1. For the range 167-182, which positions are among the aliphatic types (A, V, I, L, M) and under 16 Å from residue 155 (Cα atoms)?
2. So, residue 204, is that one in contact (Cβ under 8 Å) with a residue 24 or more places away in the chain, crowded, with 23+ Cβ neighbours inside 10 Å and either outside the structural domain of residue 51 (by TED's automatic domain parsing) or outside any helix (DSSP H, G or I) (or both) or not?
3. Return the pairs, sorted by first residue and then second, in which the second residue is acidic (Asp, Glu) and part of a strand (DSSP E or B), the first residue lies in the range 98-126 and is at positive phi and surrounded by 15 or more Cβ atoms within 10 Å (Cβ to Cβ), the beta carbons are less than 8 Å apart, and the residues are 6+ apart or on different chains.
4. Select from the range 107-146 the residues that are touching a strand residue (DSSP E or B) at 6+ places or on another chain (Cβ under 6 Å) and among the hydroxyl-bearing types (Ser, Thr, Tyr) and write down the one among them that is farthest from residue 32 (Cα to Cα).
5. Among (1) under 21 Å from residue 26 (Cα atoms); (2) in contact with an Asp or Glu (Cβ under 9 Å, 6 or more places away or on another chain); (3) assigned to a strand (DSSP E or B), where does residue 108 come up short?
6. Go through (1) assigned to a loop (DSSP other than H, G, I, E, B); (2) touching a helix residue (DSSP H, G or I) at 6+ places or on another chain (Cβ under 6 Å) and name the single condition residue 57 misses.
7. Can you tell me which condition residue 96 does not meet? The list is (1) of a type outside the set (Lys, Arg); (2) in a helix (DSSP H, G or I); (3) in the same structural domain as residue 238 (by TED's automatic domain parsing), and all the others hold.
8. May I ask you to list the residues in the range 119-128 that are of a type outside the set (S, T, N, Q), in a strand (DSSP E or B) and more than 10 Å from residue 71 (Cβ to Cβ)?
Amino acid sequence: MLIPYFCRSFIHSMTIPFYKYQGTGNDFVMIDNRHLFFPKDNIQLIAKLCDRKFGIGADGLILLENQDTVDFRMVYYNADGNESSMCGNGGRCIVAFAKALDIIQTTTTFMAIDGLHEATVIDEVVHLKMQDVATIKVTTAYSFLDTGSPHHVEIVENLSAFDIKGEGARIRYSDLYGSAGSNINFVSQKESNVFAVRTYERGVEDETLSCGTGVTAVALAMHNQGKTVANRVRLAVEGGELEVSFEKGDNGYHSIFLIGPATYVFEGEITW
């Protein structure tokens with residue numbers, strides 16, 4: 001069992017206790033902020049903590065905070081230091097973190113920037129319920145949908161050799177998505193219900209080994225396009241494999257679950 005850091009004495013006012021978690025290679029600095037000690041408006045500090053050469057190193061930083069009526073609140077920041085939209089793998093990791101802190105056991109309801117989420121965790125596998133998706137924009141070249149974060153989904157040839165960073169950045173910063181940008185997912189089909197996915201994430205501004213809201217978007221977009229008839233889809237990402245299950249109704253997709261491992265890596269303190 002992990003001992004909450006608020007129970008330990010701080011040596012220095014700027015000594016920050018942290019935990020590191022990863023979900024299929026998408027990694028996060030996790031901070032128990034139930035006592036609200038962390039300077040949330042310090043964008044530079046958050047970016048430095050996520051820096052892989054001068055800080056801890058992560059794709060993002062997540063604060064676990066108290067929230068009335070539910071178990072906890074998730075506050076997510078991209079690696080650039082800015083608070084961002086929902087992160088699916090981060091959501092799975094904070095559920096595992098909450099269990100390690102004895103805040104929850106096997107089931108939970110928590111608040112994130114896009115609303116309430118439910119989840120279950122058994123061993124290291126987390127089933128995270130995502131928000132319903134009512135609409136998917138479809139063109140001849142790509143699909144676009146919001147799964148808690150905006151996602152462009154595009155099928156490409158020879159995914160393993162594709163220039164993810166170059167093409168991802170070009171689309172992310174194009175007039176197509178304006179100043180807000182979008183996450184960009186490139187996809188190839190491997191089997192009837194299996195797709196390989198590589199994702200360029202805004203805020204990280206590079207390819208990540210996995211993106212939870214991204215694979216959710218891919219699963220729904222591929223089903224919507226008739227590429228699969230399965231309502232449980234496997235997604236092979238650079239950092240492992242995830243699954244997405246869902247139901248299709250008259251008002252779009254519902255009962256959407258992102259399923260996969262969330263793993264503790266290490267913990268420590270950093271003085272800033």
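1. Matches in the range 167-182: 171 only.
2. Spelling it out, it is not the case that residue 204 is in contact (Cβ under 8 Å) with a residue 24 or more places away in the chain, crowded, with 23+ Cβ neighbours inside 10 Å and either outside the structural domain of residue 51 (by TED's automatic domain parsing) or outside any helix (DSSP H, G or I) (or both).
3. Close Cβ pairs satisfying both conditions: none exist.
4. 142
5. Unmet condition: (1).
6. Tallying (1) assigned to a loop (DSSP other than H, G, I, E, B); (2) touching a helix residue (DSSP H, G or I) at 6+ places or on another chain (Cβ under 6 Å), residue 57 fails exactly one: (2).
7. Condition not satisfied by residue 96: (3).
8. Those that are of a type outside the set (S, T, N, Q), in a strand (DSSP E or B) and more than 10 Å from residue 71 (Cβ to Cβ): 121, 122, 125, 126, 127, 128.
The values are calculated or read from the model by the stated rules, or taken from the named source; none is laboratory data. Remember, it's a predicted structure, so these values are computed and weren't measured experimentally. Reconstructed Cβ throughout: ideal geometry from the backbone, glycine too, with neighbour counts over all protein chains shown.
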